[in-house]
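**Student:** For reference, the structure I am asking about is given below.
The values are calculated or read from the model by the stated rules, or taken from the named source; none is laboratory data. Because the structure is a prediction, the values reported are computed rather than measured. Neighbour counts run over all protein chains shown; Cβ positions are idealised from the backbone, glycine included.
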Amino acid sequence: MARTARAGLEPAPGELRILQALANTAAVGGESEHLTDPQALARLLTDEKLLDRGVELTADDLQRVIAFRDGLRDLFLVNSGAAFSGRVRDRLNELVQGVPMRLSFVDQGAIRVEPSSEGFDEVVGRLLGIVAQAQVDGVWRRLKVCVDSECRRTFYDRSKGVTTVWCMKRCTNRHHARKRRRRQGVSTQPDRQRPSGAAPSKPRRIR
């Protein structure tokens with residue numbers, strides 16, 4: 001979650017902050033890839049209480065989480081208005097295939113999706129449970145990727161209409177500045193000049 005705070009973003013509420021923190025480990029907003037080795041992944045998962053201290057992860061565990069993270073980011077882009085890709089769906093289904101999950105009743109009779117396995121599958125199951133609960137609660141669509149090409153950080157849209165697509169004011173300003181420069185660039189293009197001494201062209205008569 002350190003990257004989210006360092007960028008000046010407000011953490012998403014509840015366990016959604018874990019998905020946000022994971023998504024922002026990617027090389028976004030001018031920062032490099034954070035999950036460079038299994039130890040970096042273990043520190044992140046330990047900080048988020050998804051993994052006990054001292055548990056060693058493998059390179060396969062790392063690649064699995066990175067692929068899952070990148071799939072989540074693609075889904076967050078859909079929440080920001082991008083087209084949904086069946087390729088992303090198929091890739092995510094392949095990643096989570098075989099992860100044992102169970103339904104259990106919790107407070108006030110609500111149903112919760114939880115992992116029913118141990119080891120690293122339990123970590124993936126916990127992440128899937130957070131995704132499922134966010135969709136049940138109707139807040140999933142608020143997790144988005146900033147559409148500013150220089151940012152691409154994951155943020156939680158707190159707007160009433162869930163219409164925000166930039167994570168902060170400077171990203172919005174950068175977008176409008178680019179639009180203004182493009183508009184000015186088109187309007188200030190020099191007119192085509194006639195060769196020196198050439199007579200003005202006469203309008204052609206349409207027969």
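**Student:** Considering segment 23-80 alone, what residues qualify as being closer than 20 Å to GLY8 by Cα, part of a helix (DSSP H, G or I) and of a type in the set (D, E, K, R)?
**Tutor:** Once the filter is applied, which keeps residues that are closer than 20 Å to GLY8 by Cα, part of a helix (DSSP H, G or I) and of a type in the set (D, E, K, R), segment 23-80 yields ASP47, ARG73.
**Student:** For segment 149-169, name all the residues that are hydrophobic (A, V, I, L, M, F, W, C), touching a helix residue (DSSP H, G or I) at 6+ places or on another chain (Cβ under 8 Å) and part of a loop (DSSP other than H, G, I, E, B). Spell out how you get there, then give the answer.
**Tutor:** Going through segment 149-169, the residues hydrophobic (A, V, I, L, M, F, W, C) turn out to be 151, 155, 162, 165-168.
Those left that are additionally touching a helix residue (DSSP H, G or I) at 6+ places or on another chain (Cβ under 8 Å): 151, 155, 162, 166.
Within segment 149-169, CYS151, VAL162, TRP166 meet the criteria.
**Student:** Could you look through segment 66-92, keep only residues that are surrounded by 13 or more Cβ atoms within 10 Å (Cβ to Cβ) and of a type in the set (Lys, Arg), and pick out the one that is nearest to the chain's Cα centre (by Cα)? If you could, list the steps in order and put the result at the bottom.
**Tutor:** Within segment 66-92, the first condition is being surrounded by 13 or more Cβ atoms within 10 Å (Cβ to Cβ), and the residues that meet it are 66-80, 82, 85, 88-89, 91-92.
Now drop any that are not of a type in the set (Lys, Arg), which leaves 69, 73, 89, 91.
Values: ARG69: 9, ARG73: 3, ARG89: 15, ARG91: 16 Å.
Checked segment 66-92; the qualifying residue nearest to the chain's Cα centre (by Cα) is ARG73.
**Student:** Filter segment 99-135 for residues that are free of Cβ contacts under 8 Å to residues at least 12 places away in the same chain and under 21 Å from PRO38 (Cβ atoms); which is surrounded by the most Cβ atoms within 10 Å (Cβ to Cβ)?
**Tutor:** Looking at residues that are free of Cβ contacts under 8 Å to residues at least 12 places away in the same chain and under 21 Å from PRO38 (Cβ atoms), I get GLU122.
**Student:** When you scan segment 49-65, how many residues do you find that are surrounded by 17 or more Cβ atoms within 10 Å (Cβ to Cβ) and either within 11 Å of the chain's Cα centre (by Cα) or not aliphatic (A, V, I, L, M) (or both)?
**Tutor:** So the answer is 2.
**Student:** Before we move on, is LEU41 in contact with a helix residue (DSSP H, G or I) (Cβ under 6 Å, 6 or more places away or on another chain) and in contact (Cβ under 8 Å) with a residue 24 or more places away in the chain? Working first, answer last.
**Tutor:** Values: in contact with a helix residue (DSSP H, G or I) (Cβ under 6 Å, 6 or more places away or on another chain): yes; in contact (Cβ under 8 Å) with a residue 24 or more places away in the chain: yes.
So LEU41 passes the test.
**Student:** Could I ask something else about it? Could you list, in sequence order, the residues of segment 125-155 that are more than 17 Å from GLY14 (Cβ to Cβ) and modelled with pLDDT of 90 or more?
**Tutor:** Going through segment 125-155, the residues more than 17 Å from GLY14 (Cβ to Cβ) turn out to be 125, 145-153.
Selection gives GLY125, VAL145, CYS146, VAL147, ASP148, CYS151, ARG152, ARG153.
**Student:** Taking PRO11 and the conditions (1) assigned to a loop (DSSP other than H, G, I, E, B); (2) modelled with pLDDT of 95 or more; (3) touching a Lys or Arg at 6+ places or on another chain (Cβ under 7 Å); (4) not hydroxyl-bearing (Ser, Thr, Tyr), which numbered condition does it fall short on, given that it satisfies the others?
**Tutor:** Condition (2) is where PRO11 drops out.
**Student:** When LEU22 is evaluated against the numbered criteria (1) under 16 Å from the mean Cα position of the chain (by Cα); (2) surrounded by fewer than 20 Cβ atoms within 10 Å (Cβ to Cβ), which criterion, by number, is the only one it fails?
**Tutor:** (2) is the only condition that LEU22 fails.
**Student:** Follow-up question, since we're still on this one. Given the structure, is ARG183 basic (Lys, Arg), at pLDDT below 95, part of a helix (DSSP H, G or I) and touching an Asp or Glu at 6+ places or on another chain (Cβ under 9 Å)? Can you show your working first?
**Tutor:** On the way: basic (Lys, Arg): yes; at pLDDT below 95: yes; part of a helix (DSSP H, G or I): yes; touching an Asp or Glu at 6+ places or on another chain (Cβ under 9 Å): no.
No: the conditions fail for ARG183.
**Student:** Could you list all residues from segment 125-145 that are hydrophobic (A, V, I, L, M, F, W, C) and out of contact with any Ser or Thr (no Cβ under 9 Å at 6 or more places or on another chain)? Write out each step before concluding.
**Tutor:** Going residue by residue through segment 125-145, those that are hydrophobic (A, V, I, L, M, F, W, C) are 127-128, 130-132, 134, 136, 139-140, 143, 145.
LEU127, LEU128, ILE130, VAL131, ALA132, ALA134, VAL136, VAL139, TRP140, listed by residue number.
**Student:** Further question: Can you list residue pairs whose Cβ atoms sit under 6 Å apart, with the first residue in segment 149-165 being more than 15 Å from GLY81 (Cβ to Cβ) and the second being of a type in the set (Val, Ile, Thr)? Count only pairs 6 or more apart in sequence or on different chains.
**Tutor:** Partner pairs satisfying both residue conditions: ARG153/VAL28.
**Student:** State whether one or more residues within segment 77-88 are under 21 Å from GLY138 (Cα atoms), touching a strand residue (DSSP E or B) at 6+ places or on another chain (Cβ under 6 Å), modelled with pLDDT of 90 or more and among the polar types (S, T, N, Q).
**Tutor:** Within segment 77-88, one or more residues are under 21 Å from GLY138 (Cα atoms), touching a strand residue (DSSP E or B) at 6+ places or on another chain (Cβ under 6 Å), modelled with pLDDT of 90 or more and among the polar types (S, T, N, Q).
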